[in-house]
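The values are calculated or read from the model by the stated rules, or taken from the named source; none is laboratory data. Every value quoted in this text rests on a predicted model; they were computed, and no experiment measured them. When we count neighbours, we look across all protein chains shown, and the Cβ atoms used for this are built from the backbone with ideal geometry, even at glycine. Each accessible area value is taken on the protein alone, full model and side chains, heavy atoms only, with ligands, DNA and RNA left out. Shrake-Rupley method; radii C 1.70, N 1.55, O 1.52, S 1.80 Å.
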Amino acid sequence: IQMPGMQPMPGAGPNVFLGGYPGPLPYSDSYSSAGDPMWSYFTAVAGQDGEVDAEELQRCLTESGISGTYSPFSLETCRIMIAMLDRDYTGKMGFNEFKELWAALTAWKENFITIDRDRSGTVEHHELSQSIAIMGYRLSPQTLNTIVRRYSKNGRIFFDDYVACCVKLHALTDFFRRRDHLQQGFVNFVYDDFLQGTMAI
């Protein structure tokens, strides 16, 4: 099973897990920012702490042009992007996390373009379901219908909502997977832990 929205790392093969969900996003902090074109986008909006909040991330992504001809990302989508990768719970995103997000956004955009065959800037519910399956998730028809209802407008899913769906699906899956130590597809939650994990996303 491939990680959602990501291609297998060269030579590594796909990460296969039990429990009906893929593994984590590939992550590495071993690169240098020198000469990196993303560094200029990031530092133009980052605060003195070298991190960006949701509003700064929205401005950074808009100026970078990653959404292409699609509408820029909403502030709410930017909030959940940060929550997906906010490992230190600061509510902000550093450059390493930004690079990781950029790789995921690029892959998700390629997936969206592939299924947006008529170039309308939207996809239909069955195409979203196909895309989720291609990303490696094994979900019930009932769950897929719930996701489609949540992220569609008049039966169509726009790029911003598609990305919000991908981000939330990844973040919630990762939250669950970290607690499913035996990779069996079920865990016992303490209510407070459940609320912290889901309300943050």
Of all residues in the range 160-199 being in contact (Cβ under 8 Å) with a residue 60 or more places away in the chain and basic (Lys, Arg), the one that is farthest from PHE112 (Cα to Cα): ARG177
Filter pass, ARG178 being under 29 Å from GLY50 (Cβ atoms), surrounded by fewer than 12 Cβ atoms within 10 Å (Cβ to Cβ) and among the charged types (D, E, K, R): yes
Number of the exception - LYS168 against (1) within 15 Å of the chain's Cα centre (by Cα); (2) open to solvent by 100 Å² or more (accessible area, probe 1.4 Å): (2)
Residue check for TYR21: in a loop (DSSP other than H, G, I, E, B), at pLDDT below 55 and open to solvent by less than 70 Å² (accessible area, probe 1.4 Å): yes
Residue within the range 54-65 that is open to solvent by 50 Å² or more (accessible area, probe 1.4 Å), without any contact (Cβ under 8 Å) to a residue 40 or more places away in the chain and part of a loop (DSSP other than H, G, I, E, B) present: no
